[in-house]
Every structure is written in structure tokens, then in C-alpha cells.
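Presented below is the structure to which this report refers.
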Amino acid sequence: MKTKILFIYAIFFTVALYGNARPIINSVPVTTNLIFSLVSGKTGFPSIQFNSNEMIYRSLIGTSTNYIKYLALPFNKTFDFHLVDDKNKEVPKAARGLANSEIPNLTNHINGSNKFKGQVVRRDIADMRILFRPDEMFVITNKGVYELDVRIRICVPMTNNAPDYKAMNLRQWLSNTHYGVVVSNPVRVRIIKE
Amino acid sequence: MTLHIVATNTPEFCALNQSVTETGNDDCGGISHRVSTLSRTAETKIELVAGGLAPSGASRLVLLKASADEYPSFDVEYWDPAPADFAWTPFYGGGSIPLPVSALLINGQPLIATATNANVGETLIALPAGGTQDIALTAYPTNQNHYSFNVQAQDVQLHILANGIDLSTNTPEFCVGQQVIFTAQFDPPIDYSNIVAHWHLPDKYVNETNQSFLLESPYPTVYDINQDLLTNLTTSCWYVNGTGGTVSIGMDLLLPDGHSIPVAAKGNFTVYRPTLSNFQALDNGFTWNSPTLQGQMDWSTTINSKYDGFIGVTQLLNANGGVYDTDGEDFLDGNTEIYGEPNETNGLGEIYVTNNIATHTTIFDDNPSSVAAPCVNMVANFKDYIRFKPGVAGDTNIWITLGTNGWTMDGQACLVIGTSYTNLPPASTPINTDEFPEWVGVRHE
């Protein structure tokens, strides 16, 4: 069963449509050992299209059987998200969207990492949580097809200003002293406003 | 047992007397002229037979709709031929002048006019199942004492609906934590003035939430059973444990005409409770990186559920002394009820999707730490509530505890000498419990 699930994930991770200038892609790496996806609550798997009033979930899952630990930032500082219409014009954010668009301190040397909570995943254990409904975050006035870009920010151990993948596991974690924020590439999905 | 009326078109049986009196017989222009007066009296009753097993003790609720029509005087005071002699007497048809509902009584009780016809009245009676009862009908006509009755009896069913599902024909399953709304519904709908009802629900459920007052949020939600909420036609609850069973409602139905009738109904449903499995203590221990003493606790467990929902852990800490001192009281550990939830506005934890096995296991991670100045003492007991909330964001379902486990830490270190002792054993295996977490304070991050 696990093999089957992983196979399905592998299919979803590679979904990227290049019909437009901007590729539609529902899964991107955050680090080499972590994958970020936007997930449909209906299927529980990554999707490339959502309705504007549909709850979108976000997923982080590992790429190996090792436990991979990272620190989650507060929700209002975790995501960089934008919505554009079919003319590539950015849709303004609603009050809730603005409130959840804070930019964290991107320094690579964050001490006191215990302010953030650790999350642990593996290739077969995802960290899947609520993201948002587009209608709650944007002022979408017209029917049509939109494109949503979302990047995720997480906090990881750093060595020489680069993520220390060896340090992102349970055994090594307590010896870490330097942490920094890494930002994923954008996932890009279609949003349908009906 | 299904109850139904075996005879809805009840036979009229009358203590009927009929006679003809000759009051004239003379010759009128060579034609014999005779005046006949018909006398007909009837004590009108209907016999109602209720279905069901007689010894069951169950009652049948029957809606009686009745009307009466008076015969015109012409039909009564007529010329030859006399009805006693010929079959086409006008009495064989019904009356043609409707009597008002106020002129009718059934078993001595006045009738209530129906919404669609002011000349048709209705009332409810209760019959023992399997029993036979005579229903006495009375009318007070305005012109003379000849009228016909029309009576219809209709079985009134009291159904229990659970989240809109009729329990008389279904046995639905509900997940613990899912709000279940029970509704008692009459079919056909009936008029009543008041109802004194009492629901009986199988264990184990809660039906009331209260927010404890604390100086700082998040506040614990206290769940209990409020008996007063079990006295309406609709009641709701959340199951926390058990397998379900029989839900019943008994009520005294006070009708608009002033009399009351006892009524009852019941139905069955089942309760589903997710389980925990595959608990693993992943990591534990202290590390001293002067000047910081840091603990580590990691464990994982798999939730097995037939229903989608959310997984979360609520962690309480209790300490006497040290940097985590709670004076021996239970404190919520963290800024949110669901530990480690980065989104403090919804606090819904991790999503559980039945068809994605990667969402079925949760990993708990905690790294308590403190800086020595010049020494630090980290001692505390932690209790973790492994919880599941079925459904979707924004619904009325609640978090249910599937199990609890615990872990302790006891470590001390000083800048000069380093660690004196460090003890942080693995977390215990979860035990199955439905206990809700409660706390008297919050230890924010």
C-alpha cells in the first residue's frame, strides 16, 4: 500500500503544465529533502486546480525514509502568496490576506530557535495542514480563471549560510546552533472563480 | 415492532331505531292522501382497531378527522313514499348542510378546525396497540336532529431523525466528535400546545460546552451532560465513546383542546471511534550546550479512522519547582490547544485523509530548553492527549481524545560544572481514554 501511495505522489510531484508562459506546478522542493505541495481536501493529494471557495491544504513531506525535522514559522509569516488574473494582473489581498503576509527576518543566524515548533516528516509521513480558501485571502470580484503562486518559508539548521541537511534529523538536532529561513520555489495552481 | 392501524375506515355501528307514523289518510279529490313521519334515532359510534401486539404496552397515536352534515328539512319532512317502504329514502345519502366544527365532539372532546377546511375538525387520541376502542361521536345541529358523520382515522407516527436520517428505517453510524442532532418528528404533522419530552441517549456522550475562565487564553473547554437540554423535540450531542445503541424519546403531548397524550419513539444508531496503533518512542534525552540545557522528546503514533478529520496533540505540563514550575497544577503547554500548531487562528492541527496513508501518522516533537544563570533546573511531568476531530474546518464537531501518554524530564546544569543529572526517559505507550484535557493556566512559548 505504501508503495502505491508513493507512486501516486511521484506522479503528482511531476505535474507541470507548460501550456502558458507560467508553468502550472503543484509540488516543489523546499530543500532537497522536503517537498511542498498544495493539496485538495477532496482527494488528499496534490492538485493543480481549486475553486476559489475551496479549502486548500498544504503539505510538506520528506524524500527519504529518514526522519526530517524543521521548524515551522508562525502561520502569518510562513507563506508568500499572490493571485493574478488571466491578464497577469495581481488581485488585491483582503484584510485577512494582508494580515497573513508578514515577512520574517530572513537572517541565516537565528538564535533561540526554541521559539518555533519542530515538525517532523518522512517520505511516508506528511505534515498536511490547512492553508486557506482563496476567497478569504483575496478580493476576487470577477468570475474567471486565476493563477495562485505560493511559496513556503521554514526554519532549518544552517551551516555556512546553507541548509544543513545532515542536521535536519532527530539525533543531530540538539547540537544545532544556527538556523535560517529557507523559501521554496512557488507552486502555481489554477483558481476558478464561479 | 411496526405499528399500524388495521382499520382506518372505521365501520359505523349505530344503535339505530327507525319507525314511520301515519298521521293522515283522507280523500282529497278522489286521491288517497297519507302523511308519513319518519323517526330515526342513532347513537353514532365508530369502532377503531389499533394494530400491533396487545401485550406490548405500546400506544398508538391516531389522528381523527371528522365532519358532520345536516339533512335539509325537506329530506326529513317529505311526502310518500315513506323511506321505511322504499329503498331510495333520502337518508341513504349524506346530509348536505355542513355543520361547524364547534358543533362536534369526539369522546366528549371538542375538535380543532383543520387549516384547509373550517368545517372539518381533528383531534388526537391514543390507543393501546392491538386494542379496540369505541369512539363516540356527537353533534349539535342547529335545525333538527338529522345529520350524517364522516370520520377518518390516520395513524400518526413519531419518528426520530438523527442528522436528518430517519431511525425508523435506518441505523446510521456516527463518528465520535461528530455533532449528532436528534429530532422527533410527527408524520403527519400535528398541532400541539406544548410538549414535555425526555430523551434517553446511550452512553457515552456530552451535550454542553462551557469555557472555563482563566486569566489568559487559550481557555479549556469543559464538556458535560445537561439534562435540561434533553427535554425539547430537538436535542444534540457529541459522542466520545461507546458503540451507540437505542435512542428513545418519551413525551406528554398537550393538545390545543387541553387534553394530553403520552407518546414515545425509539431508534438505533452506531458510534465509531478511531483507534491508535504503532506507537513508537523516537527520541528522548537532554543535551547541554552551555549555557543552554535542552531536552528532546519525539514519539509517533498512527490513527486509524474511517472518517476524514484532523489530528492534534494537547500537551499539559505539571511541575513543582524548576523553571517550569506550575505549583503542582496542570498548565497548557504552548500558545495553542493543539500543540505546535503554527496557525493560532484555526488551531486545527494536521489533516487526516482516509485515502492518503501519509496523513495517518503524527509525529510529536518537543524541545524544552532553558539557559543556566548560573544554574538551571528543568523538571516537569508532561501529559499528551492524542486527539481527533472528524469533519472539515468550520463545522460543529469537536476534538475527542483517543488516548493519553506521558513523559517526564528532570535535568540540572550549571555554567561552572555542567550537568549534574539529566533524566528524560522515553514517553509511555498511550492508553485508551476519552478524557478531555483541562488546565488552570497556560505556559506560553
Residue satisfying condition, being outside any loop (DSSP other than H, G, I, E, B), under 15 Å from B:Ile261 (Cβ atoms), touching a strand residue (DSSP E or B) at 6+ places or on another chain (Cβ under 6 Å) and not aliphatic (A, V, I, L, M), within set B:Asp134, B:Asp155: B:Asp155
Count of residues meeting criterion [crowded, with 17+ Cβ neighbours inside 10 Å, among the hydroxyl-bearing types (Ser, Thr, Tyr) and either closer than 30 Å to A:Arg171 by Cα or more than 14 Å from chain B (Cβ to nearest Cβ) (or both)] in the stretch A:35-92: 7
Residue in the stretch A:98-121 that is farthest from the other protein chains (Cβ to nearest Cβ), counting only those that are more than 16 Å from the chain's Cα centre (by Cα) and at pLDDT 95 or above: A:Leu98
Identity of the residue in the stretch A:142-178, within 14 Å of chain B (Cβ to nearest Cβ) and part of a helix (DSSP H, G or I), that ends up surrounded by the most Cβ atoms within 10 Å (Cβ to Cβ): A:Trp173
Among residues of the stretch A:125-136, those that are in contact with a strand residue (DSSP E or B) (Cβ under 6 Å, 6 or more places away or on another chain) and not in a strand (DSSP E or B), counted: 2
Meets criteria (among the hydroxyl-bearing types (Ser, Thr, Tyr), surrounded by 20 or more Cβ atoms within 10 Å (Cβ to Cβ) and modelled with pLDDT under 95) for B:Thr336: yes
Verdict on B:Asp134 being without any contact (Cβ under 8 Å) to a residue 60 or more places away in the chain, of a type outside the set (Gly, Ala, Ser) and closer than 30 Å to B:Asp69 by Cα: no
Options B:Tyr223, B:Tyr307; residue that is surrounded by fewer than 21 Cβ atoms within 10 Å (Cβ to Cβ) and in the same structural domain as B:Val371 (by TED's automatic domain parsing): B:Tyr307
Output for the stretch B:385-396, where each listed residue is away from chain A (no Cβ under 14 Å) and crowded, with 22+ Cβ neighbours inside 10 Å: B:Tyr385, B:Ile386, B:Arg387, B:Phe388
Single condition B:Glu341 does not satisfy, out of (1) in contact with a Gly (Cβ under 7 Å, 6 or more places away or on another chain); (2) at the interface with chain A (Cβ under 10 Å from one of its Cβ atoms); (3) in a strand (DSSP E or B): (3)
Looking only at the stretch B:192-207, and only at residues there that are more than 14 Å from the chain's Cα centre (by Cα) and surrounded by 14 or more Cβ atoms within 10 Å (Cβ to Cβ), the one that is farthest from B:Ser260 (Cα to Cα): B:Lys204
Any hit, the stretch A:170-191, residues being modelled with pLDDT of 90 or more and under 24 Å from B:Thr336 (Cα atoms): yes
So B:Thr401, is it away from chain A (no Cβ under 14 Å), part of a strand (DSSP E or B) and over 20 Å from B:Phe310 (Cα atoms): no
Check on B:Leu424, crowded, with 22+ Cβ neighbours inside 10 Å and outside the structural domain of B:Gln178 (by TED's automatic domain parsing): no
Residue in the stretch B:343-351 that is over 37 Å from the mean Cα position of the chain (by Cα) and farther than 23 Å from B:Tyr239 by Cβ present: no
Scan of the stretch B:346-377 for residues that are more than 25 Å from A:Thr43 (Cα to Cα) and either facing another protein chain (nearest Cβ under 7 Å) or small (Gly, Ala, Ser) (or both), ordered by number: B:Asp365, B:Asn367, B:Ser369, B:Ser370, B:Ala372, B:Ala373
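Determine which member of the set B:Thr302, B:Thr270, B:Thr275 is within 37 Å of the chain's Cα centre (by Cα), modelled with pLDDT of 95 or more and within 11 Å of chain A (Cβ to nearest Cβ).
B:Thr302
Among B:Ala427, B:Ala413, which is the only one that is in a loop (DSSP other than H, G, I, E, B), of a type in the set (A, V, I, L, M) and modelled with pLDDT of 95 or more?
B:Ala427 is the lone residue from the list that is in a loop (DSSP other than H, G, I, E, B), of a type in the set (A, V, I, L, M) and modelled with pLDDT of 95 or more.
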Evaluation of A:Ser101 against (1) under 19 Å from A:Ile154 (Cα atoms); (2) hydroxyl-bearing (Ser, Thr, Tyr); (3) in contact with a Ser or Thr (Cβ under 8 Å, 6 or more places away or on another chain) (one fails), failing number: (3)
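Among the residues of the stretch B:233-247, count how many are closer than 28 Å to B:Ile190 by Cα and surrounded by fewer than 18 Cβ atoms within 10 Å (Cβ to Cβ).
Matching residues across the stretch B:233-247 total 4.
The values are calculated or read from the model by the stated rules, or taken from the named source; none is laboratory data. Source: prediction; values computed, not measured. Note that each Cβ is placed from the backbone with ideal geometry, even for glycine, and that neighbours are counted across all protein chains shown.
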